[in-house]
Amino acid sequence: MAEAQSDKLYATGRRKTAVARVWVKPGSGKFAVNEREGDLYFERETSRMVMRQSLELLELIEKFDVTATVCGGGHAAQAEAIRHGVARALAATDPDRRTVLKRAGFLTRDSRKKERKKYGQPGARKRFQYSKR
C-alpha cells in the first residue's frame, strides 16, 4: 500500500504489465516520469490527462509534486499505472479522499491483461478455417 517517508507518500500503481512506483510530496504540481518532465515523457495529450486525473478530481493539482518510475507496458498503460499509484498515495492520508477516488474508479486495479495465444489456433480466440470437404 502507501507508506509515508518524511513528507513524501509512496504507492505502487499497476495496469496490464506496466508498474509505476509513485512518490507524492507537497509542491507546485510538477510531474516527473523516469527522470523526465511528464509532458515530455508522454507525447499524447490523453496520456497526460490520464496521468493527472487523480489530482484534478480532488482539485489538488497545484499542491503536490509527483515523481514516478515506470516500466513495462505501453504509454497508455503507464499513464494509467501512474494514476493508480497517485490515487493510492493520496487515499492513504485522508479517508474522505478515499471515498471520492473509489467512486471514480481510480483505486481499483484494472486486472485485464492480454490473453495468451493457444496452440492449434492463429491467436487467442481465433480459429483456423474449418473445411468440411
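Yes/no matrix, rows are residues, columns are (1) at pLDDT below 95; (2) not basic (Lys, Arg):
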position: Gly27; (1), (2): yes, yes
position: Tyr41; (1), (2): no, yes
position: Leu60; (1), (2): yes, yes
position: Val86; (1), (2): no, yes
position: Ala92; (1), (2): yes, yes
position: Pro95; (1), (2): yes, yes
position: Leu107; (1), (2): no, yes
position: Asp110; (1), (2): yes, yes
position: Lys114; (1), (2): yes, no
Pair list, Cβ under 9 Å, 6 or more apart: the range 28-43 residue within 10 Å of Ile82 (Cβ to Cβ), other residue of a type in the set (Gly, Ala, Ser) and at pLDDT below 95: Phe31/Gly38
Residues of the range 103-122 satisfying the condition of being closer than 22 Å to Arg15 by Cα and of a type in the set (Gly, Ala, Ser): Ala104, Gly105, Ser111
Boolean, Lys118 is farther than 22 Å from Tyr41 by Cβ and modelled with pLDDT of 95 or more: yes
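For the range 27-36, does any single residue satisfy the condition of being over 16 Å from Arg97 (Cβ atoms) and under 13 Å from the mean Cα position of the chain (by Cα)?
Looking for residues that are over 16 Å from Arg97 (Cβ atoms) and under 13 Å from the mean Cα position of the chain (by Cα), one finds at least one in the range 27-36, hence yes.
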Where a residue in the range 68-88 is touching a residue at least 24 places away in the same chain (Cβ under 8 Å) and at positive phi and its partner, wherever it lies, is part of a loop (DSSP other than H, G, I, E, B) and surrounded by fewer than 22 Cβ atoms within 10 Å (Cβ to Cβ), with Cβ under 7 Å and at least six apart: Gly72/Thr17; Gly73/Lys16; Gly73/Thr17
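The values are calculated or read from the model by the stated rules, or taken from the named source; none is laboratory data. Because the structure is predicted, anything quoted here is derived from the model rather than measured. Note: ideal-geometry Cβ built from the backbone for every residue, glycine included; neighbour counts use all protein chains shown.
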